[in-house]
Amino acid sequence: MSLPKTFLWGAAMAANQCEGAWNEGGKGPSVADVMTVGSKDTPRRITDQVEAGIYYPNHDGVDFYHRYKEDIELLSQMGIKCLRLSIAWSRIYPNGDETRPNESGLSFYRSMFEELRSHNIEPIVTLSHYEMPLGLVNRYGGWKNRALVDLFVRYADTCFQSFGDLVHYWLTFNEINVAEYNPWSPTGINMHPGQEGYWQSIYQAAYHQFIASAQTVIHAHEINPELKVGCMTLAGIVYPKTCHPLDAKAADDFQNDMLAFADVQAHGYLPPFLQKMMKRRGATIESRPGDKDLLRAGTVDFVAFSYYSSMVQSGTEESPEMTGGNMVGSVKNPYLETSDWGWQLDPMGLRLTLRYLANRYRKPLFIVENGLGAVDKLENGHVEDDYRIAYLRAHITAMIDAVDEDGIDLMGYTPWSAIDLVSAGTGEMKKRYGFVYVDRDDTGQGTLARIPKKSFFWYRDVISSNGTDL
Ligand code: BGP
């Protein structure tokens, strides 16, 4: 067993899902602040503005904004070497288009990163994790407007200049490819697949993010050559439903579609199959002279990804049985069990995903999300989440095999989530992922007390043994 001593064991979270304090410290509203609570079967509703009398779970999150010191202290007891979190863009530029940053937002993150450093925890920071300022939606129409490129790059520059001494690892857009399936949170476009003009908006928005990503990488390296900037994509190996060639083609098509955006960030150009796909879907991208050079010059240093499930595609069946998944559903795999939310559990799929991404990108990889959403029961002050331990044990085993036997260059592992927080997909609290239980329910009731789960102590031993004690 040979994980490098420098392996970044950690955990992950995101500002919009944990911080709360949605209108404190000069923060402006973000796209997450107008989303209600949904469920496995009911999508979250999006309102135009924050409306009185509606419960918005992200407004309070789990109050990390006020409790980050005690949370970091607790997480340091778990022995994590890194913590993946995000900066809320709307805390730094409340409406997104101010010319000067909000000082109180800057000092909040500065003291958070200092706190992490004082516990020897490396921050891994996402610049945009489903929390763009709502002002950019209302005034500019979200990412389909080219103006967003400069506004984002200004925000990124502010972050590099303000925190570059404390934060060395950066991610640009969380799950950039989710825009294809569920565009509101990543791009501020409130449309649904099938709607007239959908693909035009989505691809134009994604194109602007590619340009912004490239510029961000270039600026980060200019500001401090030590900074490493990665892309972040939702990933999962796609299996054909059978060995029928049409099933194999459907799986390959889906895999390409899913990774097309990370391809641009990693390789520096729009792959021909993406260009053809855009055309078939009726999208004509507006570009500017110089864009191609920018894309080529601004490729990412590493490829980070979330992995929750493998997927299945069929090219032979009209309406195969489907099941749930991380932002995108899948044909049901009869060999796999599912979580309570229908996500298929497949540790071997993680190993195959690592192999696949390593071949496709030939850059260091980083698993920045992986975990089990489950209903946890707090009984006599304890949460016995053996199912989560079993899930993580199997996935970590697969990950170590990928490093050990397949030679994958893997920087680290930050399972979702460090502590319980608001679900991105459903807005629920009862869909829990954390190593630490947070006393809060789906109606906003609870003391917000923090209680380490059984998995907390298990993961502490995993980390301290560098993955040998599973
Ligand atoms: C990813 C997001 C995270 C997180 C996770 C779990 O898509 O990057 O923000 O929430 O999935 O998903 P959910 O919260 O919908 O269960």
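Brief remarks on what is shown
- With a simple spin-label model that places each label point 7 Å from the Cα along the Cα-to-Cβ direction, the separation between ARG296 and TYR387 comes to 5.2 nm.
- Only Lys, Arg (+1) and Asp, Glu (-1) charged, at Cβ; the chain dipole about Cα centre in debye: 800 debye
- Gyration tensor (alpha-carbon) shape descriptor, the range 353-470, a/c threshold 1.5: prolate
- Straight Cα distances below 15 angstrom link LYS363 to the aspartates and glutamates ASP263, ASP301, ASP406, ASP409, with same-chain residues fewer than 8 positions distant left out.
- Probe 1.4 Å, accessible area per residue of the range 323-470, Å²: 37 Å²
- Share of carbon and sulfur in the accessible heavy-atom surface of the range 1-123 [1.4 Å probe, %]: 47 percent
- Residues LYS249 and MET348, FRET efficiency given R0 of 30 Å [Cβ-Cβ distance, rounded to 0.05]: 0.85
- For the range 333-431, the carbon plus sulfur part of the accessible surface works out to 50%, probe radius 1.4 Å.
- Charge tally for VAL137 (other residues, Cβ to Cβ under 13 Å; Lys, Arg +1; Asp, Glu -1): -2.
- Cα gyration tensor shape for the range 140-253, rounded if a/c is under 1.5, else prolate or oblate: oblate
- Residue-normalised accessible area of the range 133-290, given per residue in Å² at a 1.4 Å probe: 38 Å²
- With K and R counted +1 and D and E -1, the other residues having a Cβ less than 13 Å from that of ASP63 yield a net charge of -3.
- Extension gain, THR447 to ASN256: 0.36 nm times the residue separation minus the Cα-Cα distance gives 64.2 nm.
- DSSP bridge orientation in the chain - percent antiparallel, rounded to nearest 5: 25 percent
- Note on the range 17-90: semi-axes of the ellipsoid equivalent to its C-alpha gyration tensor, largest first and rounded to whole Å, are 27, 15, 10.
- Overall, the anisotropy analysis places the range 225-266 in the prolate class: the square-rooted eigenvalues a ≥ b ≥ c of its C-alpha gyration tensor yield a/c not less than 1.5, with a/b exceeding b/c.
- Within the chain, the whole DSSP H helices whose Cα atoms reach 18 Å or more along their own axis and whose mean Kyte-Doolittle score is at least -0.5 are 147-163, 198-223, 245-267, 347-361, 386-404.
- Its convex hull of Cα atoms gives the range 85-149 a direction-averaged projected area, equal to a quarter of the hull surface, of 4.6 nm².
- When you count the other C-beta atoms within 10 angstrom of each residue and take the mean per peptide, 459-466, 188-195 line up highest first as 459-466, 188-195.
- Net charge of neighbours whose Cβ lies under 12 Å from the Cβ of TRP341, counting Lys and Arg as +1 and Asp and Glu as -1: +1
- Mean Cβ neighbour count within 10 Å, used as a protection proxy, ranking 357-369, 384-396, 442-454 highest first: 357-369, 384-396, 442-454
- Over the chain, volume per residue of the alpha carbon convex hull, in Å³: 138 Å³
The values are calculated or read from the model by the stated rules, or taken from the named source; none is laboratory data. In this text, all values refer to a predicted model and were calculated from it rather than measured experimentally. In this analysis, Cβ positions are derived from the backbone assuming ideal geometry, glycine residues included, and neighbour counts consider all displayed protein chains. Note: areas computed on protein heavy atoms with side chains; ligands, DNA, RNA excluded. Shrake-Rupley method; radii C 1.70, N 1.55, O 1.52, S 1.80 Å.
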